[in-house]
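The values are calculated or read from the model by the stated rules, or taken from the named source; none is laboratory data. Just so it is clear, the structure is predicted and the values come from calculations on it, not from any experiment. When we count neighbours, we look across all protein chains shown, and the Cβ atoms used for this are built from the backbone with ideal geometry, even at glycine.
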Amino acid sequence: MPYVATLECIFRIINVTDFVLIMPALQKVVGITNRELLIKPTPHSNIPLSAIAIGSSLVKNGLDVKILDFHLHCAEDENELLAEYCRGVTHVGFSCMTNHIPHGLRLTKKVKGIYPTIKTVWGGIHPSLFPEMTIRHDAIDFVVVGEGEDPLLALMRGETHPRLFVKDSVFNTSGKNFKYGSATSLTEPNYELINLEQYFFKNRGERNLPLLSSRGCPSRCTFCVNTVLKNKWRGFSAETTCNLLDSLCQRYRPEHIYFLDENFFVDKNRAISIVKYLCNIDATWGANIRLRTFNSLSDETLMMLKKSGMKEIRAGAESGSNRILQILRKGLTVEEIRRAVEKAANFDLKLILSFMRDLPDETKEETQLTLNLVQWCGQNGVTVIGPQIFRPYPGSEEYDKLVQRGLKTPVSLEEWGMIIQNANHDSIWYFQ
Ligand code: B12
Ligand code: SF4
């Protein structure tokens, strides 16, 4: 397209192709129960998967990209870092989960303050759930809904995209007809965009290599963000994943590889080919799986998992009540959870299970069933996460139920930010 080519040429000549992707630091975790808002500080330092994904796609398409991850820096260096990274840049992107909002907003306003002509782009889970509310914020010029690769490329090329929300009319698109569920083809992650050694250092020297070999999930549990965003499952082929692992292992010598895929075993043949490859790598590894899938693995496969260095397997068990599991369309029963625990113990595989409580329809007796199951899991060698207080996502059936029952939700991004920043365990926030 001649227009695009001209625009790219101009960008190149005046050297303003750089796109800076900023990861605000996580300050607090928000959880909403049907009684209270839950806030906790979390000292995470995980590699910025979203920024790597988008950055890799932009770089592949000829743009220069820098990632500035505030999980690695102290607040005192904020102004200096922003001034340095954003100098001469036309667009700056911010990746935000809900609990990134306070810091994300502060950084966005600062960037605008230092360089008023820079265009700011918000993307990530929260803006995807609330695009209209996000674009209304004065300091935000563009909002991307869902996977950012294609809309961002369109923005940088001066094109429109149905999932690109625009503050003014420069790029004649409104994003109003966007649809969740339009998936991007995957670009191999370019780890050169970050300094992985810095993350090893931050994590007490553990050489833990996180990797996404697939995205999305074919299941449709009612509470899950994958269901809300209609995320389709897509994975790199076994061959591509193994080649990627080969170069990453040579370069970084990890002690442990952690597949952050929602569900590593969706395509069993693909997963088994990767496991065969892992048998030859001198590192332990872990992955997420659905318990029903885990139960369906043969003894032979489980032996192979063990032999390949599999150290841990993570799954959502969610509840100790079959009625709740059914309401959640989890595709799992309490009996299956117990069977998985016994199976993992037989093969000496460490199982990490997460649970939720206080769902909209949950009775006190059902919460107790969950607590009992959690206790039993603990006694049988399982590491339990939670039970975490249920967080309803807009668009999900569970959220709609709460809205019908009077859930009061923030009406602006500032209000979300304030709630996250100021609330404590005693905040009664949502029922009018
Ligand atoms: C893997 C994962 C993790 C990993 C890695 C996170 C990381 N730093 O990248 C770990 C296990 C460490 C983790 C931790 C947490 N996670 Co998490 N995590 C996920 C999971 C399962 C997949 C995310 C992922 O990597 N997807 C693949 C990448 C490539 O996609 P993505 O991040 O969505 O990014 C794409 C788009 O959103 C968009 N995009 C993202 N940023 C930007 C920015 C711009 C400018 C643009 C244009 C586009 C864009 O483009 C990207 C590429 O397509 C999601 C569930 C889900 N399906 O999304 C939960 C999820 C994102 N996590 C969640 C939460 C709450 C957390 C924690 C706060 C949990 C806790 N209690 O501590 C921590 C926070 C960690 C942190 N420091 O940020 C929630 C967020 C809910 C919300 N409303 O914000 C989710 C949705 C899970 C859930 N249902 O509860 N998480
Ligand atoms: S199996 Fe897990 S990732 Fe898949 S829809 Fe259910 S909760 Fe979400």
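Quick notes on this structure:
- For L373, the criteria (1) closer than 21 Å to R290 by Cα; (2) under 24 Å from the mean Cα position of the chain (by Cα) hold in every case but one, which is (2).
- Selection status of D69, closer than 21 Å to L196 by Cβ, away from ligand 2 (no atom under 16 Å from the Cβ), at pLDDT 90 or above and more than 23 Å from the chain's Cα centre (by Cα): no
- Those helices (runs of 4 or more DSSP H) of the stretch 183-298 in which 3 or more residues are in contact (Cβ under 8 Å) with a residue 40 or more places away in the chain occupy 196-202, 225-228, 238-252, 291-296.
- Check on I419, of a type in the set (A, V, I, L, M) and away from ligand 1 (no atom under 16 Å from the Cβ): no
- Members of the stretch 221-243 found to be away from ligand 2 (no atom under 16 Å from the Cβ), farther than 13 Å from I281 by Cα and of a type in the set (A, V, I, L, M, F, W, C), listed by number: F236, A238
- Apart from one condition, L402 fits all of (1) surrounded by 15 or more Cβ atoms within 10 Å (Cβ to Cβ); (2) under 30 Å from I289 (Cβ atoms); (3) modelled with pLDDT of 85 or more; the exception is (3).
- Any hit, the stretch 356-369, residues being within 16 Å of ligand 2 (Cβ to nearest atom) and either surrounded by fewer than 19 Cβ atoms within 10 Å (Cβ to Cβ) or free of Cβ contacts under 8 Å to residues at least 60 places away in the same chain (or both): yes
- The residues in the stretch 130-148 that are part of a helix (DSSP H, G or I), surrounded by fewer than 23 Cβ atoms within 10 Å (Cβ to Cβ) and touching a helix residue (DSSP H, G or I) at 6+ places or on another chain (Cβ under 7 Å) can be counted, and the count is 1.
- Filtered residues of the stretch 204-256 (kept if in contact with a Pro (Cβ under 8 Å, 6 or more places away or on another chain), of a type in the set (A, V, I, L, M, F, W, C) and more than 12 Å from ligand 1 (Cβ to nearest atom)): L209, L244, L248
- Residue in the stretch 232-248 that is of a type in the set (F, W, Y) and buried (at least 20 other Cβ atoms within 10 Å of the Cβ) present: yes
- For the stretch 320-367, the tally of residues that are aromatic (F, W, Y) and within 19 Å of N226 (Cβ to Cβ) stands at 1.
- In the set (1) over 27 Å from F200 (Cα atoms); (2) away from ligand 2 (no atom under 16 Å from the Cβ), G331 fails one condition alone, (2).
- None of N243, N295 is closer than 21 Å to C224 by Cβ, out of contact with any Leu (no Cβ under 6 Å at 6 or more places or on another chain) and not acidic (D, E) except N295.
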